[in-house]
Each structure stands twice: as C-alpha cells, then as structure tokens.
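These notes are about the structure you will find just below.
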Ligand SMILES: [Zn+2]
Ligand SMILES: [Zn+2]
C-alpha cells in the first residue's frame, strides 16, 4: 500500500566529484561484500538445511540455538552468550571494533510452526542475518571502521509472546542503535515494509440463572449479551478503516439449550495499521461489548492482551539497502519499489515492537515460489523455503543488509540523520 500523505525527505542527487567518489566507494564495498558472502555461503548452506530439516517451535529452538552459537563461536573475535537474558534459546554474539562508533544489529529468527515446519521460512531469516553480520565485521576489520556489530538469536516470533519483546524488556538492545532483519515471501522485494499491529480482546459475560420455562423473567442471559455484542461488532465494521481487521468467535455459548445462560465468552482479534489506531479500535470494540451488557443487565469483563506493534520502517536505512541491492549483479524480480513507496504486509511481527525502540529495517524478499505458489504458513512455502534458490535469495538479502550496516558505520553523521527520521516517524505513528 502506498501511504501518500507522509512527509518525505527528498535527497537530491548531486553530480559533483565528491558524489562520484562516494559512488565508487559504495561500488567497492558492494563487490567486496558480494565476494565475501559468495565464499561464506558454502558454510551457511549446511546450517540452513539443518535448521529447515529440524523445525522447532517457539522458545524450544534448542537445536538451532546450538548449531548457530557453535558456528558463531568458530568465527574469530565474536563474543557469544548462549541462553541469554533468561531464555534458553536466546543468544547474543558481539563484535567490538575497539573504536567508538555506531552499534548495528541483526536479528536471527529460528522458530517454526506447529505441524507444518519452517512454513514461515525463519531458517532463511537466520541465514540472511548471519551473512550480514559476518560480512559487516569483515568490512569493519578490512577498512578499520568504528563501532560494534550484534547478532541476536531471537526465539519465539510465532505467537503473541515475541522473544524480541522479552529481549527488549530485559535491556538486551540498550546499547544498540539500529536493528535489522528480513522476511521471505513470494511477492515482494522491499526494505520499506509496514506490518499490522494486533491485539486480542477476551470478553466474558456473567448473567443470572433462572428456570427457562417457569420464570425466565428472573434471569439474565449472558449469551444474549454476547450475541448483541457480536452483532454490534458486525455493524461497526462498516465504519472501520480499510486497514482495520476485526475477527471474532464465540468460545462459550452456554452450557445447555434449555436454560438461561449464566456465562458466555468470546475472543476478538484486532489488527490495525498503527499502534495508535489499534487503541482506537480497541475502544470501539469494547464499547460494543459494553452495549451487550447494558442491553441485558449482564456483567461484562474485558481483558486486552497486547500482541505485536506495527512495524515502522526507516526510509534512510531502506535507501541504503536499495542502493546495495541494485548494485549487486542479477537483480531479481520483482524490483524494489521506487524510493519512498511502502510495502504493506497484512501480518504482524515482534520486529514491530523493536521499530518503536530504535530505527529498524524489516526487508521483505521474494523466494522462488513452490509448485502451488503458496504464501508463508502453507505447506507449499515450507518446501519452497528449503530450496537452494531460496537460500541464494537470503544470501543476496544478507549482502544488502551488510551494505546498509557498512553505510551506517562508515558515514559520519548518518546515524544522527537516521535517528532524527525515526523520531519523526514514531511521533507520526503515535499521533
Ligand atoms: Zn509466520
Ligand atoms: Zn515469519
């Protein structure tokens, strides 16, 4: 989706000599990163195959944790912490150049889905981030760049209890300036990705029992309250925004057919384009729930559980990513959209919460589709995410992410510009 009314920073291309020198330096970095990862990928391919072939559920990524931290320990000059921040399968690897400078980071996802394995392709996310982290450090050592590079092994993305949120709350990102990650699909190549915010509302109604045949007028029917609320939510949908999504189901519709129901319950999942819009939507849906209570006299209890925040992408980091993506040979289809155009993904990630804490990139990349062209969370995509073609796309993503990190480390003042843009974006999202 195109969000047109955003205020854009227009960067004019200048054609003086300094600019041409800059172009040449970037070209040079792009080809060095390219060559480095072309060699590295022989070490990463077996890791990718192992993780894809051994899918593990959220917070139980024991095998992935082991092979990834063993691998990082085998690399020079990385400090690796296993089972970090109170999570068995979280890990951190840090490289310190020894010179003060920006601190860049990449998140390494590991978890799979129940029954359908790596149908979200998190093995590819892990490989892209590993390649990016290692290539960044290679450039830092070769060119004596300042700063630090972090790799975070981030468990449990699938679900509502994101490992990145736990890491954020535990202070893991305290010294970190920017966070980068990617996600495979079959449709988009884009570093400027927005995702939805979501939350879950549990509603319960407490009525009053009475004999349904002899004295129903003495009762309060909790199911009636819930049905009124359900219908009120259905009516509300006409006045919601195109990016709002309300899903609802009845989880308890009473105990028997011939009684006045003393208890009824439902669950509502809400999605919205921004965290602030999600709050508004929660308010409106809660009002519908209260309407059911008001109409029947039942008591209502509403519990809100925060899911993931929307992802606010950083356009300056995205611009670096696009530059390197397009410098690398054999640019795949589809091309990255023109500068400044958002890609709107109707799903949620805990990288969204990270994006409210620091400038973030969550780059989408298209892998060769499976036979049925299945999207993430399908069996077809599980197959597609284990192929060599998919792996090679993740390597390209790793190269573009490394280029982005190198830009941040080598360009004095760029970090400040990125953070100023981030502040404006977050202020706009929270307005
Ligand atoms: Zn997923
Ligand atoms: Zn995913």
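Only the coordinates and a few stated rules stand behind these numbers; no lab work does. The shown structure was predicted, so the numbers you read here are calculated from the model rather than taken from an experiment. Reconstructed Cβ throughout: ideal geometry from the backbone, glycine too, with neighbour counts over all protein chains shown.
Structure data summary
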| item | result |
| --- | --- |
| Gain in span if fully extended, residue 206 to residue 231, counting 0.36 nm per residue against the direct Cα distance | 7.2 nm |
| Nearest-ten-degree value, helix 122-143 long axis tilted from longest Cα axis of the chain | 30 |
| GNM top mover of 326, 20, 54 - the chain, alpha-carbon springs below 10 Å | 20 |
| Gap separating the Cα centres of the stretch 197-243 and the stretch 253-277, nearest whole Å | 7 |
| With eigenvalues of the C-alpha gyration tensor scaled by 5 and rooted, the stretch 185-254, Å | 41, 12, 9 |
| Global form of the stretch 275-427, assessed from the alpha-carbon gyration tensor, a/c cut-off 1.5 | oblate |
| The stretch 197-306 shape via C-alpha gyration tensor axes, a/c threshold 1.5 | prolate |
| Gain on full stretching of the segment that runs from residue 170 to residue 115 - 0.36 nm per residue minus C-alpha separation | 16.7 nm |
| Highest-fluctuation residue, 127, 139, 241 considered, GNM on the chain with Cα pairs under 10 Å | 241 |
| Exposure proxy order (Cβ contacts within 10 Å, fewest to most) of 148, 164, 284, 214 | 214, 284, 148, 164 |
| Estimated inter-spin distance, residue 284 and residue 255, nm [label 7 Å along Cα→Cβ] | 3.7 |
| Sequence of 224, 21 once ranked by neighbouring C-beta atoms within 10 Å, starting from the fewest | 21, 224 |
| For peptides 358-364, 342-348, sequence by mean Cβ density within 10 Å, most packed first | 358-364, 342-348 |
| Gain on full stretching of the segment that runs from residue 295 to residue 50 - 0.36 nm per residue minus C-alpha separation | 82.5 nm |
| Estimated distance in nm for a label pair at residue 377 and residue 427, the labels positioned 7 Å out from Cα along Cα-to-Cβ | 3.6 |
| Alpha-carbon centroids, the stretch 128-196 and the stretch 341-396: separation in whole Å | 14 |
| Antiparallel content of DSSP bridges confined to the chain, in %, to 5 | 65 |
| Relative compactness, the chain, computed as alpha-carbon Rg over 2.2 N^0.38 Å | 1.11 |
| Fewest-first sequence of 43, 288, 120, 268 by Cβ atoms within 10 Å of each Cβ | 43, 288, 268, 120 |
| Peptide ranges 198-207, 410-419, 152-161, 394-403 listed from the most packed, as the mean C-beta count within 10 angstrom indicates | 394-403, 152-161, 198-207, 410-419 |
| Ordering of 370-376, 103-109 by packing [mean C-beta count within 10 Å, highest first] | 103-109, 370-376 |
| Euclidean distance of C-alpha centroids, the stretch 409-424 and the stretch 31-80, integer Å | 30 |
| Sum of -39500 (n - 2.57) over DSSP H runs of 4+, divided by residues of the chain (222 nm, nearest 500) | -14000 deg cm²/dmol |
| Principal-axis tilt of helix 17-53 within the chain, Cα atoms, nearest 10 degrees | 60 |
